[in-house]
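Following: one structure in structure tokens, then a few remarks.
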Amino acid sequence: MKIPFLDLGAAYRELKPEIDAAVLRALESGWYILGPEVEAFEAEWAEFCEAEHSVGLANGLDALTLALRALEVGPGDEVIVPSNTYIATWLAVSAVGATPVPVEPDPATHNIDPDLIEAAITGRTKALLPVHLYGQPADLDPILAIARRHNIAVVEDAAQAHAARYKGRRIGSHGDVVCWSFYPGKNLGALGDAGAVTTDRADLAERIRLLRNYGSREKYVNEVQGANSRLDPIQAAVLRVKLAHLEEWTERRRTLAAAYEEGLKVSNLILPLVPSWAEPAWHLYVIRNQKRTELQAHLAENGIGSLIHYPIPPHMQAAYEPLGIEADALPLARRLADEVLSLPMGPHLKASSVEEATKAMLAAR
């Protein structure tokens, strides 16, 4: 592909001297599990997210799972999840023994529709788990209001929302706990798996610190049945370097998104809708087209990469056959899976590449 969907190596090439120095610093420190590098990143990430606390973890799925465990969500409980999301959102619920209860999205934003949530709440509902899909904030105020009325927790899946804002405030502490992935392809990506949570609740932060380290605060003293999910110091060192550039990289993404919108506004594509209260992080730029297969093939023929996020909704995966949800029971999730297409996006994508991709799509009309 002359225009790849994402050039993962570009961030390293831009910051090579800083990243190399940070990795060497971590190697020479002698701290290879937790320690000062992780603590420094946790403090810097909490400050960036406008949150009181951050806890570094091994990956984004663990962040979701340990957040639910810290809130004592378990067997017999239900957690409301979006029908339109990556399967990890559902897997975390299943991992703690609870049942995911899907709610359809707002067709304009692809995020969970707050107007549909209350009807899905039962006496077993323990938490709401909205996702800030593609880096577009979910509509949190009505979600939080529903949670307060029913005395249930809100766990935010912000795996794609680094630097996004909701009504002027950074995503990071609106709900009880916010869960992050630093998978290499994320807006803030490590050089391997990594994750974290942020929260304003000291009790949850402390509980998650306990759970990530075998349920132990003191070596060989295990208070609960914990897990091994600790952010690696080398990854923390890399993330600290990249974090200093995240705001600039986010602005680059916003410029590219604006260029896509301007160039494609006369097309027959359904473009992303951004509510007035949202400042997306533009992890992905996702369009919709009923002839998605033909469009993707046309782009490939012109050397332009694209991906589908996501081709199979969770309720249609073999992993969730035991729930017995019919394919057509969640029609909007299924329709989106058939129509969405993610265009090249990233802070190192050239404006000329967006222009070329736009021309190719207009030629496919």
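Within the stretch 133-152, the set of residues being touching a helix residue (DSSP H, G or I) at 6+ places or on another chain (Cβ under 9 Å), assigned to a loop (DSSP other than H, G, I, E, B) and not β-branched (Val, Ile, Thr) comprises ALA138, ASP139.
Rundown of residues vs (1) crowded, with 21+ Cβ neighbours inside 10 Å; (2) modelled with pLDDT of 95 or more; (3) closer than 23 Å to ALA202 by Cα; (4) not charged (D, E, K, R), yes/no style:
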{"residue": "ALA161", "(1), (2), (3), (4)": "yes, yes, yes, yes"}
{"residue": "ASP176", "(1), (2), (3), (4)": "yes, yes, yes, no"}
{"residue": "TRP180", "(1), (2), (3), (4)": "yes, yes, yes, yes"}
{"residue": "ASN187", "(1), (2), (3), (4)": "yes, yes, no, yes"}
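ARG13 meets the conditions (1) open to solvent by 60 Å² or more (accessible area, probe 1.4 Å); (2) touching a helix residue (DSSP H, G or I) at 6+ places or on another chain (Cβ under 9 Å); (3) not hydrophobic (A, V, I, L, M, F, W, C) in every case but one. The failed one is (2). Only residues that are under 27 Å from LYS219 (Cα atoms) and open to solvent by 70 Å² or more (accessible area, probe 1.4 Å) were counted in the stretch 16-35, giving 6. For the stretch 54-65, does any single residue satisfy the condition of being assigned to a loop (DSSP other than H, G, I, E, B), open to solvent by less than 70 Å² (accessible area, probe 1.4 Å) and touching a residue at least 24 places away in the same chain (Cβ under 8 Å)? Yes, the conditions are met somewhere in the stretch 54-65.
Conditions (1) open to solvent by less than 60 Å² (accessible area, probe 1.4 Å); (2) under 23 Å from PRO107 (Cβ atoms); (3) in a helix (DSSP H, G or I), marked per residue:
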position: THR198; (1), (2), (3): yes, no, no
position: ASP203; (1), (2), (3): no, no, yes
position: GLU206; (1), (2), (3): no, no, yes
position: VAL241; (1), (2), (3): yes, no, yes
position: LEU246; (1), (2), (3): yes, no, yes
position: ASN268; (1), (2), (3): no, yes, no
position: PRO275; (1), (2), (3): yes, yes, no
position: ILE287; (1), (2), (3): yes, yes, no
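Filtered by the rule that a residue be more than 15 Å from VAL197 (Cα to Cα) and touching a Gly at 6+ places or on another chain (Cβ under 6 Å), the stretch 208-223 gives TYR214, GLY215, ASN222, GLU223.
Entry remark, the stretch 314-344: residues being outside any helix (DSSP H, G or I), under 22 Å from ASN289 (Cα atoms) and open to solvent by 10 Å² or more (accessible area, probe 1.4 Å) number 1 in total.
Just to check your reading of the model, which residue among VAL79, VAL96, VAL73, VAL101 is within 25 Å of ASP338 (Cβ to Cβ) and either open to solvent by 10 Å² or more (accessible area, probe 1.4 Å) or touching a residue at least 24 places away in the same chain (Cβ under 8 Å) (or both)? After applying the criteria, what remains is VAL101.
Of the residues making up the stretch 208-229, those that are part of a strand (DSSP E or B) and open to solvent by 70 Å² or more (accessible area, probe 1.4 Å) number 4.
The values are calculated or read from the model by the stated rules, or taken from the named source; none is laboratory data. Predicted model only: the values in this text are computed from it and were never measured. Note that we place each Cβ from the backbone using ideal geometry, even for glycine, and neighbour counts take in every protein chain shown. Ligands, DNA and RNA are stripped out before the accessible areas are found, and what is left, the full protein with its side chains, is counted by its heavy atoms. Shrake-Rupley method; radii C 1.70, N 1.55, O 1.52, S 1.80 Å.
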